[in-house]
Every structure is written in structure tokens, then in C-alpha cells.
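The structure appears below as C-alpha cells.
The values are calculated or read from the model by the stated rules, or taken from the named source; none is laboratory data. Fair warning: this is a prediction, and the values are worked out from it, not measured in the lab. FYI the Cβ positions are ideal-geometry reconstructions off the backbone, even for glycines, and counts take in every protein chain you see.
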Amino acid sequence: ISDHWLFTTCGASGPYGPTQSQCNNAYRNSNLSVIVGAEGILQGIQIWRVPATNTYSISGYGAAGGKGGKNTMVRSHGVSVLGIFDLQKDDTLYILVGQQGEDACPSTNDVIQKVCIGENNVIEEEIRVNRSVNEWAGGGGGGGGATYIFKMENGEPVPLIIAAGGGGRAYRAKTDTFHPERLENDSSIPGLNGNSGAAGGGGGWNDNTSFLWSGKSLLEGATGGRSCPQAMKKWGWETRGGFGGGGGGCSSGGGGGGYIGGNAAVDNDPEMDGEDGVSFINPIGTLYTPALKVTEGHGEVDIRLHLNCSHCEMDECRVDLETQKVICFCEPGTELAEDGVSCIGKYVLWGRLPASEPVVHLPLSLVLSVVTSALVAALILAFSGIMIVYRRKHQELQAMQMELQSPEYKLSKLRTSTIMTDYNPNYCFAGKTTSISDLKEVPRKNISLIRGLGHGAFGEVYEGQVAGIPSDPTPLQVAVKTLPEVCSEQDELDFLMEALIISKFNHQNIVRCIGVSLQALPRFILLELMAGGDLKSFLRETRPRPNQPSSLSMLDLLHVARDIACGCQYLEENHFIHRDIAARNCLLTCRGPGRVAKIGDFGMARDIYR
């Protein structure tokens with residue numbers, strides 16, 4: 001029996017869910033088999049039967065909202081909710097996977113596309129004259145659909161997890177305001193739709209609406225709302241909400257779906273984003289991680305067997321893929337005892353015997369004979385080895401380089417936890433050999449995640465805290481880069497290589513590695529938190545505009561350039577090649593005065609460095 005099931009939109013997008021044929025095609029090479037509802041409130045909903053009685057972790061990911069016409073930098077992310085539930089064999093789960101709200105741009109309509117690329121300014125002119133938009137309405141993104149997982153009891157749907165969709169972005173961007181994720185666990189609170197204005201509010205759990213541009217609740221079919229009537233009438237600008245109750249856009253953004261739908265702006269404010277929906281977890285389950293805004297596209301549902309590690313001393317474990325047995329983890333410097341549960345210390349001194357073992361004294365002549373024989377053998381082997389290396393050095397280097405490029409060798413090096421970096425002296429760091437033992441392992445119990453920051457090269461990136469740092473008694477703010485549990489061998493090797501690279505640096509203008517957490521899944525790299533974000537976005541947002549000079553002085557720019565140059569000098573002095581020094585790969589400690597720029601993201605350096 002498989003222990004992992006991943007449900008997607010089956011390739012569907014927009015306001016309506018997938019069909020049976022779409023899901024048959026999407027899951028044909030997987031372990032997944034579903035029935036897709038074809039009519040009524042179950043249309044587009046995937047129906048799955050639980051294969052065995054067990055404890056399951058269920059992760060729901062709501063869909064992101066659509067981008068606005070001039071508000072294209074960052075989507076409003078969908079929310080993730082992870083809960084633990086006890087399920088019985090042949091229980092039936094009903095799964096609606098939320099779909100992303102539609103973007104305002106680009107468009108196949110020539111007139112709309114000119115607005116997208118800035119060649120048509122009729123909306124801007126109406127905003128300048130009237131400080132609002134009426135005639136030329138449109139350009140806001142559709143709200144993202146929520147992801148619903150529910151059961152049927154006595155013919156009535158009962159929600160287990162609802163992961164809210166993100167609100168649609170408005171036509172124009174304004175200063176970001178952070179809205180924390182909202183989560184309910186009380187089903188007696190009404191699951192209402194969000195308020196609709198010119199744009200549609202998001203659909204809730206069991207409400208009703210008569211507006212075509214509002215997202216529908218689950219009990220109405222959860223279809224996404226249409227664009228506002230004026231946008232459709234004036235120029236056919238269609239920015240519909242995603243399946244899962246996303247509200248349709250106008251000049252303002254549509255609300256996201258959820259247990260309670262997200263509100264849309266009361267008037268058609270071209271700078272007012274739609275609100276995210278409210279997530280939900282049934283109290284019969286256990287919330288495993290806090291609700292976090294992480295999804296950048298369509299939603300999904302991940303169901304897997306939940307490991308109970310409470311019997312382990314560290315409360316952390318994994319499943320051996322070959323034997324299917326649960327193996328407990330131990331802290332560095334300890335090893336698993338024979339009982340498979342406790343952790344015991346390792347012997348530090350070679351050759352040291354337990355106190356209970358008697359010490360045997362060998363005859364001196366025998367000891368001298370053994371030592372002499374060993375020395376002679378070592379000299380012979382050393383001389384032979386030098387001769388072989390001297391005669392075949394070039395051929396062996398070529399063979400080593402070919403072997404290092406093979407996936408089999410990389411995987412074996414990963415499993416033995418040692419990676420050599422000194423075979424190529426042109427690109428090694430200070431000519432040293434690096435191994436996993438050089439990395440500072442941080443126990444998973446000392447790490448707590450606070451909120452999502454976005455999606456990185458490998459997986460999600462979170463803001464978090466680390467406790468128990470010897471040099472700092474207070475919890476340390478960090479950025480946590482994650483590697484998904486389901487990944488390729490190459491991704492796993494690249495993730496480890498990036499940790500090894502960053503851990504070597506010690507400079508005020510290089511992002512500092514706090515430590516790693518590789519003994520539990522998903523694996524973490526802990527970096528210092530750079531609250532100012534990336535340099536490219538910062539420079540874009542602070543560049544001068546008509547009637548609005550830049551807040552940065554020439555001295556500020558020179559300080560940033562100096563910081564990056566100092567970091568480059570440090571890398572050059574250690575014979576290290578970065579290959580991708582760019583503003584997007586440089587981070588700031590803060591956005592105000594006193595900011596320090598640091599070089600980060602060594603992804604392009606991995607191949608050369610290896």
C-alpha cells in the first residue's frame with residue numbers, strides 16, 4: 001500500500017473544476033484513483049476512498065489570487081493548512097482542489113494588451129480626473145479558490161480542512177500591508193460569503209449569493225465569479241475567480257474563497273486588493289503547523305501516512321524505504337541503542353575498552369614484530385602508490401571528473417555524508433575538503449516556523465526562530481530554506497552542496513549560515529534573516545518617478561555598491577567564483593538607514609564548486 005497521495009487540479013484552470021477524463025489522464029501514471037463528480041454541488045470534486053485504517057497527515061493548499069494589470073510583482077499567496085486525522089478503511093473523502101484566480105495581463109485582446117504594456121492610459125487618465133474608476137472598469141485579478149477536504153455524514157457535508165485562497169490583486173499596487181492568516185475551528189460560526197462590491201467577494205462554506213461576479217460557496221457549487229459587468233461590457237476584460245469560490249475582479253481585486261470568503265472593496269478602488277479567505281480545521285483533527293501563506297499557483301492536497309515518533313527519545317523518526325520499519329533519530333554524538341528507541345553516547349577514544357572488559361598484555365616480542373611488519377608493509381604500499389599516481393595522474397583525473405558527473409556517484413557521496421572539493425584547485429574554497437560533519441546540526445525541536453516568505457529554488461522559505469544558540473540566549477530570527485520530502489536525488493545533493501558552500505563563508509557582506517537540520521524531513525538550511533528583502537525589488541520600489549523623487553541618495557547607493565564589492569573581494573581572495581552576482585541575489589538587512597547589503601544565493605556556483 002502506498003503511503004503518499006497527491007491531488008492536483010488535473011490540469012483544469014479558471015472558475016470550473018476538472019472532469020473525470022482530465023483526472024484519469026493526470027493520474028494515469030500514479031497510485032491515485034478518483035471519481036470526479038459530474039453534477040450538482042459535487043461537480044469538479046474528486047472523490048477518494050481511504051485505503052486502510054490509520055493516522056494520516058492531510059495538507060491542504062489554497063490557490064493564489066490573480067495579478068492586476070499594473071500590479072504584477074507578487075501574487076497574494078494561497079494558504080496552507082496541515083492537520084492530523086484518524087481515518088477508517090473505506091472512509092470517503094471529498095476533495096475540491098482550489099484553482100488560481102485569473103490574471104488581468106497579458107491579454108489576447110489588442111486594446112487590453114496596450115493597457116497592459118502602457119501604450120493605452122485611459123484608466124490612468126480617469127483615475128487622475130475622478131480619483132476613481134467607473135467607465136473604464138477592469139484590470140483587477142480574480143480571487144484564488146479555496147481547497148476543501150470534507151466528508152459526508154447523514155447526507156450533509158462536514159469540513160475537515162479548508163485552505164483559503166488568496167485575494168486578487170487590484171489594478172494598481174500600493175504600499176503592502178501585511179494581513180495575518182486567519183484560521184477557524186468552530187463549525188458553529190457561519191461559513192458566509194465575502195462582501196461584494198464592484199468586484200466579487202469570495203465564496204464561503206454554506207452561504208448564498210445572487211451576484212454573477214461573486215464566488216459561490218461550496219454548497220452552491222464553489223464556481224469562481226465572473227468579472228464585473230462594466231468591465232465585460234466596456235471591453236470584455238475577463239478576470240474570473242478560481243474554482244473554489246474565488247471572486248471575480250473589477251478594477252479592485254476579487255476576494256479569495258474559504259470557510260468564510262474574503263471581502264472585496266466596497267467601491268471600485270483600483271488600489272484595493274481582494275482579501276484572503278478564512279481557513280478552517282475540524283477539531284476532531286490536530287493542527288500540525290500554523291496556517292501559512294505559501295502557494296504561488298493552483299492549490300493541491302497532499303495526504304500521507306503520519307509517523308508517530310512518540311516512542312523515540314528524540315520524538316523524531318523516519319521510515320526505512322527498504323524494510324518499511326520506523327527508525328528513530330538521535331542527536332549528533334549519540335547513536336541508537338539496541339532497543340531501537342534510546343540514544344547512547346559513542347566511544348570517543350579509539351581502542352578504549354569498557355571498564356568491565358579485562359586488559360590483556362601481549363608479549364613485547366610479538367608487539368615489536370607486528371609493528372615492524374606493519375611499517376614495512378606501509379612503506380611498500382606508499383612507494384607503490386606514489387609510482388602509480390605519478391604514471392597515471394592525468395588519466396585518473398579524467399576518470400574522476402567523469403565519475404563525479406554521474407548521478408550514481410553523487411548519490412553515493414551523499415549517503416556517505418562526505419563531498420570532496422579539492423580535486424579542482426581552481427574552484428575549491430581555500431583548498432579545503434568539506435564534509436557534512438563540518439555543518440552545525442540544530443535539533444528540530446529548537447526550530448519554530450512563524451510565517452511563509454515565498455518559494456525558493458528548492459522549496460518553501462519561512463521566517464522562523466531558533467532557540468538554544470550558545471552565543472545568544474534569546475531566540476534568533478532566521479530564514480529557513482526547506483527541501484521538500486519528495487524530491488530528486490539531484491535536488492537533495494544540490495541542497496546539501498549549497499549548505500556546504502554557505503557554511504564556509506565568514507564575512508559581514510556574505511549571508512551567514514546559522515546551521516542546518518538534516519536529521520529529520522523536510523531538511524532545513526538556517527540562514528540569517530535579511531528583513532530588507534532582495535536588492536532588485538528595493539531599487540525598483542525606490543527609483544524616482546514623476547513628482548516623486550527617490551528616497552535614496554547617491555551616498556546610499558555607493559554604500560550598497562561598496563558592501564557588494566567587499567563581499568566580492570572576500571570571495572576572490574579565497575579563489576571562489578560566484579557566477580551570478582546580480583541585484584536579485586543580493587539581500588538587505590533592512591530597508592531604512594543603516595542597511596547593509598550581503599551576497600546570497602549561491603545556486604549558480606554549485607556545479608563549478610562541485
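Do the conditions hold for Trp48, that is, is it more than 22 Å from Gly277 (Cα to Cα), surrounded by 19 or more Cβ atoms within 10 Å (Cβ to Cβ), touching a residue at least 40 places away in the same chain (Cβ under 8 Å) and touching a Lys or Arg at 6+ places or on another chain (Cβ under 8 Å)? No; evaluated as a whole, the condition is false for this residue. If you check Thr589, Thr542 for being among the β-branched types (Val, Ile, Thr) and under 23 Å from the mean Cα position of the chain (by Cα), only one passes: Thr589. Only residues that are assigned to a strand (DSSP E or B) and either under 15 Å from Ala163 (Cβ atoms) or outside the structural domain of Gly202 (by the TED database) (or both) were counted in region 52-83, giving 11. With respect to Gly191, is the statement that it is crowded, with 24+ Cβ neighbours inside 10 Å, out of contact with any helix residue (DSSP H, G or I) (no Cβ under 7 Å at 6 or more places or on another chain) and assigned by the TED database to the domain that holds Thr72 true? So Gly191 does not fit the description; no. Output yes when any residue across region 583-597 is part of a helix (DSSP H, G or I), touching a helix residue (DSSP H, G or I) at 6+ places or on another chain (Cβ under 9 Å), exposed (fewer than 13 other Cβ atoms within 10 Å of the Cβ) and not assigned by the TED database to the domain that holds Met314, and no when none is. Yes. No other residue among Ala520, Ala457 is surrounded by fewer than 17 Cβ atoms within 10 Å (Cβ to Cβ) and part of a loop (DSSP other than H, G, I, E, B) apart from Ala457. Sub-6 Å Cβ pairs linking a first residue in region 157-173 that is in the same structural domain as Thr289 (by the TED database) and touching a residue at least 24 places away in the same chain (Cβ under 8 Å) to a second residue that is among the aromatic types (Phe, Trp, Tyr) and assigned to a loop (DSSP other than H, G, I, E, B), at least 6 apart or interchain, are Ile162/Tyr259, ordered by first then second residue. Among the criteria (1) at pLDDT 65 or above; (2) within 23 Å of Ser437 (Cβ to Cβ), the one His394 does not fulfil is (2).
Hey, any hits in region 521-539 for a residue that's in contact (Cβ under 8 Å) with a residue 60 or more places away in the chain and either among the charged types (D, E, K, R) or more than 23 Å from Gly454 (Cα to Cα) (or both)? No, that holds for no residue. In region 27-51, which residue that is within 29 Å of the chain's Cα centre (by Cα) and in a strand (DSSP E or B) is farthest from Ala146 (Cα to Cα)? So, considering only residues that are within 29 Å of the chain's Cα centre (by Cα) and in a strand (DSSP E or B), the one farthest from Ala146 (Cα to Cα) is Arg49. Filtering Ser80, Ser107 for residues that are of a type outside the set (Asp, Glu) and within 30 Å of Arg304 (Cα to Cα) leaves a single hit, Ser80. Scanning region 95-117 for residues that are touching a residue at least 12 places away in the same chain (Cβ under 8 Å) and not β-branched (Val, Ile, Thr) yields Leu96, Gly98, Gln99, Gln100, Gly101, Glu102, Asp103, Ala104, Cys105, Ser107, Asn109, Cys116. Among the residues making up region 551-592, those that are over 27 Å from Gly454 (Cα atoms) and hydroxyl-bearing (Ser, Thr, Tyr) are Ser553, Tyr570. Scan region 544-562 for residues that are among the charged types (D, E, K, R) and at pLDDT 90 or above and the total you get is 2.
No other residue among Ile514, Ile510 is in contact with a strand residue (DSSP E or B) (Cβ under 8 Å, 6 or more places away or on another chain) and under 15 Å from Asp601 (Cβ atoms) apart from Ile510. The lone criterion from (1) surrounded by 15 or more Cβ atoms within 10 Å (Cβ to Cβ); (2) among the small types (Gly, Ala, Ser); (3) under 22 Å from Gly245 (Cβ atoms); (4) over 24 Å from the mean Cα position of the chain (by Cα) left unmet by Gly83 is number (4). Mind checking which residues of region 484-524 are out of contact with any Asp or Glu (no Cβ under 7 Å at 6 or more places or on another chain) and of a type in the set (A, V, I, L, M)? Residues satisfying the conditions are Val486, Leu493, Leu496, Met497, Ala499, Leu500, Ile501, Ile502, Ile510.
Starting from residues that are exposed (fewer than 14 other Cβ atoms within 10 Å of the Cβ) and among the small types (Gly, Ala, Ser), keep the ones in region 467-487 and report whichever is farthest from Ala520 (Cα to Cα). The qualifying residue farthest from Ala520 (Cα to Cα) is Ser471. For Thr289, indicate whether it is of a type in the set (Val, Ile, Thr), outside any strand (DSSP E or B) and at pLDDT below 95. No: the conditions fail for Thr289.
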